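Colleague: This is the structure I want to talk about, given as structure tokens.
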Amino acid sequence: EVQSTSDGNPLAWFTAQGTHGSAYNTADATSPNAAVSEYPNTQQAGTIWYHDHAMGMTRINVMSGMAGYYFIRDANDPIEPLLPQGQYEMPLAIQDRTFNPNGSFFFPTVGNNPTIHPYWNPEFFGDTIMVNGKVWPNMNVTQGTYRFHLLDGSNARFYTLSFSNKMGFTQIGTDGGYLKTAAPLTQLTIAPGERADILVDFSKLPIGTKVTLTNTAKAPFPAGTTADPQTTGQIVQFTVTGAGGPSFPVLPAALNPTLAGATFPNLPAPTKTRILTLEEIMGPAGPVQILLDGQPYAAAVSELPKNGATEDRVIVDTTADTHPIHLHLVQFQLVNRTPFQSAKYNKAWMALNGMPPLNHPTIPLDPTPYFQGKVTGPLPSELGWKDTIQMNPGEVTRIRVRWTAQDGSPFVFDPTVGPGYVWHCHIIDHEDNEMMRPYKVVP
């Protein structure tokens, strides 16, 4: 939660020579080749991450290391004192990389359709897994319970995580803080940009045991190439080296008071519903461009939510990929996912709008007549505040968004000030080639 002047607008870039993008801003006076951002950090306790957002260059800059994350703590948090702390609390930032023989990062410089786009590729998938900057690391643990703050910081790779010995773990938090209730799991899929706060109990493993956190997600997700068990199928190894450590905590049934109530989502009924689509433009050798609602980034702003209002976004994925859709400024709640007749819908949408990218405002098409199959609600791991959510091919995903702080109070800053915010796919290769749109909050 931050005013858009410090949100890292794609056009807020600056160069070493002091050249500025049109949305450049600095909270305090500084040199021309720098900027100062101000983060209130008044949102719920949770795992926050940040990265460069320069237009068309995010994938390269993040891959090169311009990303980080931190924890927001709350002195009045009644849950944190129950949880493992100190050496028993650890961030795990998972990224995939490819290395040149000299140890430098490799990134492709020739596009999949080079006569159309010389250097853009739909996704970057590295052949090596890096955790907290180390390649396939080992972490020594004791026979206690650990709290791991997971982050998928990869450009495009999803991770379906489980332990090699099939032991379970418990998720207690997601992007925007604690879940509604703790979720016992044996497997968890996270997408680029998503975070997961988990508890892992090593107390039943004999000293000397080695267990690996593994990955079985396909790339691209969900129907691409299977992860290699010898490389991208391995994340981090844990070796039990001693006795002792915290016991698994006794947690209350309800973890997050802002998610209280018998139903989920617990946000107010929406005053507006927006129907939006995910569209992929194909070339002779694969995707050329991927768009939100058929519009390029530079098209006129079409989404002007009112400060304090609640809206539903009904997002129709007509592509072949799962897209982690990310909204800046707000935390939202997942309502449901509904299978639909994708090809039939897309044909009707094209007949209504024409071939994207569009040169006119998008004419929305209600997906309801194209629904087929069973509506599914959030997974246990999704019963919380999200800022990034997986939107699957062949499904319509509905999210509920309120433009306030998570407890319903006004933001501590004016969200109508500044250049505005963005929403985008967090496969940052997609984001860099137009799968991003601006929006502005209005009074």
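Colleague: Over all alpha-carbon pairs of the chain, lay out the pair-distance distribution in 20 Å bins, whole %, shortest bin first.
Modeller: 24, 59, 17, 0
Colleague: Name the long-range amide H neighbours of residue 105: under 5 Å, sequence gap of 5 or more, or other chain; modelled H, no Pro or chain starts.
Modeller: Distant-sequence amide H within range of residue 105: 100.
Colleague: Ok, one more. When 370, 178 are ordered from fewest to most other Cβ atoms inside 10 Å of their Cβ, what list results?
Modeller: If I rank by nearby Cβ atoms, fewest first, I get 370, 178.
Colleague: If you don't mind, another one. Step through the residues of segment 314-331 one at a time and calculate ³J(HN,Hα) from phi using the Karplus curve (6.51 cos²θ - 1.76 cosθ + 1.60, θ = phi - 60°), rounding each to whole Hz and writing x for Gly and Pro.
Modeller: So the Karplus estimates, Gly and Pro as x, are 9, 10, 9, 8, 8, 8, 9, 10, 7, 10, x, 8, 10, 10, 6, 6, 10, 9 Hz.
Colleague: Continuing with this model, one more query. Exposure proxy check: 190, 363 ranked by fewest other beta carbons within 10 Å?
Modeller: With the sparsest Cβ surroundings first, the list reads 363, 190.
Colleague: Of 31, 247, 154, which is the most mobile in a GNM of the chain whose springs link Cα atoms less than 10 angstrom apart?
Modeller: Maximum among the listed residues: 31.
Colleague: Can you sort 117, 426 from fewest to most other Cβ atoms within 10 Å of each residue's own Cβ?
Modeller: Least to most surrounded, the residues fall as 117, 426.
Colleague: Enter the angle in degrees (range 0 to 90, nearest 10) between the Cα long axis of helix 342-353 and the first principal axis of the Cα atoms of the chain, meaning the one along which they spread out most.
Modeller: Value to nearest ten degrees: 30.
Colleague: Can you tally the net charge around residue 216? Count Lys and Arg as +1, Asp and Glu as -1, for every other residue whose Cβ sits under 15 Å from the Cβ of residue 216.
Modeller: Charge balance near residue 216 sits at 0.
Colleague: Continuing with the same structure: Can you give the charge dipole size of the chain about its Cα centre, rounded to the nearest 20 debye, using +1 on the beta carbon of Lys and Arg and -1 on the beta carbon of Asp and Glu?
Modeller: 800 debye
Colleague: Using a Gaussian network model of the chain with C-alpha springs under 10 Å, which one of 94, 172, 116 is most mobile by mean-square fluctuation?
Modeller: With Cα springs under 10 Å in the chain, the top fluctuation among 94, 172, 116 is at 116.
Colleague: Taking every DSSP beta bridge that has both residues in the chain, what percent is antiparallel when rounded to the nearest 5?
Modeller: 80 percent
Colleague: Mind listing the long-range amide H neighbours of residue 92? Cut-off is under 5 Å, sequence gap 5 or more, other chains count too, H placed in the peptide plane at 1.01 Å from N.
Modeller: Close amide H contacts, sequence-distant or interchain: 149, 150, 151.
Colleague: Under 10 Å, Cα contacts only: if you run a Gaussian network model on the chain, which one of 183, 348, 285 comes out with the highest mean-square fluctuation?
Modeller: Highest fluctuation among the options: 285.
Colleague: Return a whole-number percent for the relative contact order of the chain, with Cα pairs under 8 Å and 6 or more residues apart as the contact set.
Modeller: 18 percent
Since every read-out is calculated from the coordinates, none of them should be taken as a lab result. Because the structure is predicted, anything quoted here is derived from the model rather than measured. Methodologically, a virtual Cβ is constructed for each residue, glycine included, from the backbone with ideal geometry; neighbour enumeration extends over all protein chains shown.
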